[in-house]
Amino acid sequence: MKRTIAELFIIFTSILLLSCTFESPFVELIQEKINADLGISGGENSDGQEPRPEINIKQGSRDLASGAGTYDFGHMHDDGNGGYTSEDITFTIENTGTADLVIESVSLTAGDTADFDLTDETSASVAPSASTAFTVRFDPLSSGNKSAAVAVATNDADEQNYTISVTGINNPGELSYINRCSDETTIAGPTKIILSPDNNHVYVCLLNDAGIAWFSRDAGTGALSYVGRYTDSDNLSYPYHITIAPDGNHVYLASFNRSSVAWFSRNTSTGALTYGGRLAAVANARSVAVSPDNKHVYAVGSSENAVTWFSRNTSTGALTETGSDTNVSVPSFVTVSPDGLHVYVVSSSEIVSWFDRDTGTGALTYGGNYTDSNIGSTTYAAVSPDGKNVYITSGNAGAVDAFSRNTASGALSYMHRIAHDSMGFASCVTVSPDNTTVYVPGDTCVAYLSRNTDTGELTYMGNVCIEDISGANAAAVSDDGAYAYVTGYNVDAVAWLYRD
């Protein structure tokens with residue numbers, strides 16, 4: 001029903017008189033009716049407030065309050081491309097207000113901003129009940145706990161700088177226990193461990209059974225399955241160390257009690273080993289290494305006070321002694337640099353000595369040593385795959401010492417020491433194929449240390465300690481970097497662990 005202007009004026013005047021004395025929902029309804037009849041749409045909301053924007057930020061279905069909201073990327077995992085980068089995470093900006101929300105900027109403003117990547121694809125203006133979004137990626141440049149602030153500047157009068165936090169942890173190389181093979185009748189006293197170059201098989205020294213056990217490996221799950229073993233107390237008594245030729249055709253073992261280096265031919269399909277023979281040429285043999293070019297084998301024994309080298313028959317695996325150098329005292333370990341130019345010998349007297357290697361004859365020429373009375377009970381050494389550094393364990397000290405390597409001369413320069421209870425009785429050290437992590441097994445633990453790939457410096461990151469690897473003696477990492485394998489001497493077991 002249409003009303004005349006005069007009628008509406010009378011009603012409006014009556015309402016004004018009433019509103020001077022009391023408030024009533026009925027009065028408000030009448031006022032709204034009059035406004036509608038007159039076509040009036042005032043600049044206020046139904047609650048009497050001016051229209052205004054209101055910002056809210058969500059990740060998924062979860063609200064992230066300004067100043068308190070946090071999104072945690074968690075532990076970083078290998079992205080499969082040799083790096084440690086997360087997926088892009090989408091954050092939604094909502095306008096829950098009644099006026100347009102104007103977005104002035106979205107930026108990383110505080111904290112570890114270099115470890116996060118922000119992509120701003122937001123709209124300049126967001127209408128009421130609408131939304132827009134931006135993404136953040138965790139792309140850490142170094143190891144450790146990281147955090148940064150994300151600030152969104154808008155025309156929201158109450159929250160002009162809406163701030164949330166993003167956090168993440170970059171511990172590349174962290175280990176998570178999966179399972180183990182354990183059988184005292186077939187895996188008695190496992191010590192040193194190696195993977196075949198094709199990563200299809202794992203080989204383990206059996207100290208208590210004078211032999212070697214081998215396992216097939218599932219590349220997808222990392223799981224091991226026991227396949228077989230070879231034991232021979234006459235030829236392999238007290239097998240101290242094991243290695244495999246880069247061509248994958250032969251395995252070599254240092255027998256302490258037989259003062260010998262033994263060789264085995266390897267079936268590359270099944271992983272089975274066939275005994276080939278031994279050469280009694282190294283008193284109380286403790287360590288053996290094969291050159292990267294497959295031509296020569298090097299061995300040390302704790303009663304020999306020398307490093308001995310052999311030519312290798314690449315068809316049969318048989319060895320022929322060709323020389324030795326006595327510039328070492330009570331040696332315990334030998335290894336060859338990845339470039340094949342130098343040989344390193346760990347000993348209780350000199351700590352570590354280095355030798356130039358003639359790549360044609362295999363002969364060694366003494367280059368020098370590093371001696372420090374504060375570094376004692378050295379047991380093992382590993383040259384990083386990039387050839388920049390050498391790492392040496394000190395068992396009684398529960399420590400690993402880092403050295404930089406001169407790739408031309410082979411000389412080593414001391415850098416620093418990392419010591420921790422989890423590395424007690426350390427008898428092995430290994431560097432991951434991607435050069436980012438160093439592992440040190442000790443007692444019931446495996447410690448993992450991040451490695452600066454530029455300087456070689458180590459930072460202790462953590463450990464995994466479980467009784468299932470009690471007597472942890474040695475560790476090896478698969479070439480794809482996905483799994484680590486650890487021997488547990490006290491529990492007659494070989495365990496596999498997932499590697500982040």
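The values are calculated or read from the model by the stated rules, or taken from the named source; none is laboratory data. Values in this document were obtained by computation on a predicted structure and should not be read as measured data. Note that each Cβ is placed from the backbone with ideal geometry, even for glycine, and that neighbours are counted across all protein chains shown.
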Exercise for review: Among the residues of region 206-240, write down those that are touching a Leu at 6+ places or on another chain (Cβ under 7 Å), closer than 22 Å to V334 by Cα and part of a strand (DSSP E or B).
Suggested key: G211, I212, P239
Review point. Considering region 455-474 alone, what residues qualify as being surrounded by fewer than 23 Cβ atoms within 10 Å (Cβ to Cβ) and small (G, A, S)?
Key: G456, G462, S470, G471
Check your understanding: Quick one: P385 ticks every box in (1) out of contact with any Phe, Trp or Tyr (no Cβ under 7 Å at 6 or more places or on another chain); (2) closer than 25 Å to G301 by Cβ; (3) not in a strand (DSSP E or B) bar one, so which box is it?
Key -> (2)
Review point. Are there any pairs with C-beta distances below 6 angstrom linking a residue in region 398-422 that is under 11 Å from L449 (Cβ atoms) to a residue that is surrounded by 15 or more Cβ atoms within 10 Å (Cβ to Cβ) and hydroxyl-bearing (S, T, Y), with the two at least 6 apart or on different chains, and if so which?
Key: V400/Y391; V400/T393; A402/Y391; I418/Y460; H420/Y460
**Study point:** Condition check for S377: in the same structural domain as P292 (by TED's automatic domain parsing), modelled with pLDDT under 95 and either crowded, with 20+ Cβ neighbours inside 10 Å or in contact with a Ser or Thr (Cβ under 9 Å, 6 or more places away or on another chain) (or both)
**Key:** yes
Review point. Quick check, is F215 of a type outside the set (G, A, S), touching a residue at least 12 places away in the same chain (Cβ under 8 Å), assigned by TED's automatic domain parsing to the domain that holds V429 and under 25 Å from E304 (Cα atoms)?
Key: no
Point to revise | Unique match (being in contact with a Gly (Cβ under 6 Å, 6 or more places away or on another chain) and on the phi < 0 side of the Ramachandran plot) among A381, A419, A397 | key: A419
Point to revise | Failed condition for T316, given (1) more than 27 Å from R266 (Cα to Cα); (2) in contact with a strand residue (DSSP E or B) (Cβ under 7 Å, 6 or more places away or on another chain); (3) not in a strand (DSSP E or B) | key: (1)
Exercise for review: Go through T243, T268 for me and flag whichever is assigned to a loop (DSSP other than H, G, I, E, B), assigned by TED's automatic domain parsing to the domain that holds G481 and not aromatic (F, W, Y).
Suggested key: T268
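Consider Y162 carefully, then state whether it is farther than 30 Å from Y489 by Cβ, among the aromatic types (F, W, Y) and either surrounded by fewer than 23 Cβ atoms within 10 Å (Cβ to Cβ) or not assigned by TED's automatic domain parsing to the domain that holds V290 (or both).
Here the answer is yes, as Y162 does meet what is asked.
Restricting to region 390-402, and then to whatever is assigned to a strand (DSSP E or B) and in contact with a Ser or Thr (Cβ under 6 Å, 6 or more places away or on another chain), can you tell me which residue is modelled with the lowest pLDDT? Don't jump to the end; show me each part of the working.
Within region 390-402, the subset assigned to a strand (DSSP E or B) is 390-394, 399-402.
Among the residues that remain, those that are also in contact with a Ser or Thr (Cβ under 6 Å, 6 or more places away or on another chain) are: 392-394, 400.
Numbers: I392: 95, T393: 93, S394: 87, V400: 95.
Going through the qualifying residues, I end up with S394.
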Point to revise | Enumeration of residues in region 261-277 that are out of contact with any His (no Cβ under 7 Å at 6 or more places or on another chain) and surrounded by 23 or more Cβ atoms within 10 Å (Cβ to Cβ) | key: V261, A262, L273
Review point. Among the residues of region 369-391, is any of a type in the set (D, E, K, R) and within 24 Å of L279 (Cα to Cα)?
Key: no
**Study point:** Hits in region 403-424 - residues which are in a loop (DSSP other than H, G, I, E, B) and either farther than 27 Å from N473 by Cα or within 21 Å of the chain's Cα centre (by Cα) (or both)
**Key:** N406, T407, A408, S409, G410, A411, H420
**Study point:** Selection status of G248, farther than 25 Å from V336 by Cβ and either in contact with a Pro (Cβ under 7 Å, 6 or more places away or on another chain) or part of a strand (DSSP E or B) (or both)
**Key:** no
Point to revise | From S311, S337, S353, S347, residue being modelled with pLDDT of 95 or more, small (G, A, S) and surrounded by 23 or more Cβ atoms within 10 Å (Cβ to Cβ) | key: S353
Point to revise | strands (runs of 3 or more DSSP E) completely within region 82-152 that count 1 or more residues being assigned by TED's automatic domain parsing to the domain that holds L64 and touching a Lys or Arg at 6+ places or on another chain (Cβ under 7 Å) | key: 89-95, 116-120
Point to revise | Criterion (under 32 Å from the mean Cα position of the chain (by Cα) and either outside the structural domain of N452 (by TED's automatic domain parsing) or touching a residue at least 12 places away in the same chain (Cβ under 8 Å) (or both)) met by exactly one of A306, A281, A382 | key: A382
**Study point:** A68 farther than 30 Å from A482 by Cβ, in a strand (DSSP E or B), of a type in the set (A, V, I, L, M, F, W, C) and modelled with pLDDT under 95
**Key:** no
Practice item. Being modelled with pLDDT of 95 or more and either among the acidic types (D, E) or surrounded by fewer than 17 Cβ atoms within 10 Å (Cβ to Cβ) (or both) narrows it down to one of D156, D209, D139, so name that one. Key: D156
